[in-house]
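Colleague: Got a structure for you, questions after.
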Amino acid sequence: MVLADGRCCMNESSRRSEAEAIFRLDNEILAFRFTATLSDRGGAQFERLTDPSRLDLWLHANCLDLGSEPASTGELREALQLREAIHRVGTAVADQRSGEARDIDLLNRESACGKVHLALEGEAAVWKSSGPSVIEDALAVIAANAIEVFGGDRRGRVKACQWKSCGGLYLDTSRGDNRRWCSMNICGNRAKKAAMNTPDL
């Protein structure tokens, strides 16, 4: 089942375990989870979408496997271009700047290319593909999610992780609007450990 809000619906325990071992799936925003497939952006950079099968697995883990058609090399390239455009625009928004026009145009094009619609199945809203490419339709959902965040009332809550080598995007929903890390369990702990190991001057 493909849930409209991007929540995971994987039933196969082996594929679920495989996805959790490869990807970070803890971000509440679908588009930001997608940008996290490239991590350590300010450091060595770790690419998780290394081949089309990895893209298929990520889409499956995020309930965007809209059909049985596997991703192609060209669709993986398109997905990576979308991912980086989302991250660049998100970083600009976090810095209270406007994104580059070419990146915004790419997001708009990807969103417009999709032929997907919401359907009610039982009590769940699910995405359905009616286009010639289920991968393109899945990317359209991701692009639309990014556009909704960047162009909606949550725009002012978009932040970039302050850990020196991360740069991951997240929504700061803290009451004091003072969250600094994409994940307290990961980057927050790294920062704490680094502070503990810093000698007093």
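The values are calculated or read from the model by the stated rules, or taken from the named source; none is laboratory data. Remember, it's a predicted structure, so these values are computed and weren't measured experimentally. Please note: Cβ atoms are built from the backbone with ideal geometry, for glycine as well, and neighbour counts cover all protein chains shown. Calculation scope for accessible area: heavy atoms of the full protein, side chains included, ligands and nucleic acids excluded. Shrake-Rupley method; radii C 1.70, N 1.55, O 1.52, S 1.80 Å.
Colleague: Of the residues that make up segment 143-154, is at least one under 16 Å from residue 28 (Cβ atoms), free of Cβ contacts under 8 Å to residues at least 12 places away in the same chain and surrounded by 12 or more Cβ atoms within 10 Å (Cβ to Cβ)?
Modeller: yes
Colleague: Any residue at all in segment 57-66 that's surrounded by 12 or more Cβ atoms within 10 Å (Cβ to Cβ), modelled with pLDDT of 95 or more, assigned to a loop (DSSP other than H, G, I, E, B) and at negative phi?
Modeller: Within segment 57-66, not a single residue is surrounded by 12 or more Cβ atoms within 10 Å (Cβ to Cβ), modelled with pLDDT of 95 or more, assigned to a loop (DSSP other than H, G, I, E, B) and at negative phi.
Colleague: If you scan segment 54-112, which residues turn out to be within 14 Å of the chain's Cα centre (by Cα) and within 20 Å of residue 155 (Cα to Cα)?
Modeller: 82, 83, 84, 85, 86, 87, 88, 89, 90, 91, 107
Colleague: Kindly indicate whether residue 38 is free of Cβ contacts under 8 Å to residues at least 60 places away in the same chain and touching a His at 6+ places or on another chain (Cβ under 9 Å).
Modeller: yes
Colleague: Another question about this same structure. Tally up the residues in segment 37-55 that are assigned to a helix (DSSP H, G or I) and within 19 Å of residue 145 (Cα to Cα), please.
Modeller: 1
Colleague: Further question: For residues that are of a type in the set (A, V, I, L, M) and touching a strand residue (DSSP E or B) at 6+ places or on another chain (Cβ under 7 Å), scanning just segment 23-45, find the one that is surrounded by the fewest Cβ atoms within 10 Å (Cβ to Cβ).
Modeller: 38
Colleague: Could you look through segment 110-129, keep only residues that are in contact (Cβ under 8 Å) with a residue 12 or more places away in the chain and open to solvent by 70 Å² or more (accessible area, probe 1.4 Å), and pick out the one that is nearest to residue 92 (Cα to Cα)?
Modeller: Looking at residues that are in contact (Cβ under 8 Å) with a residue 12 or more places away in the chain and open to solvent by 70 Å² or more (accessible area, probe 1.4 Å), I get 112.
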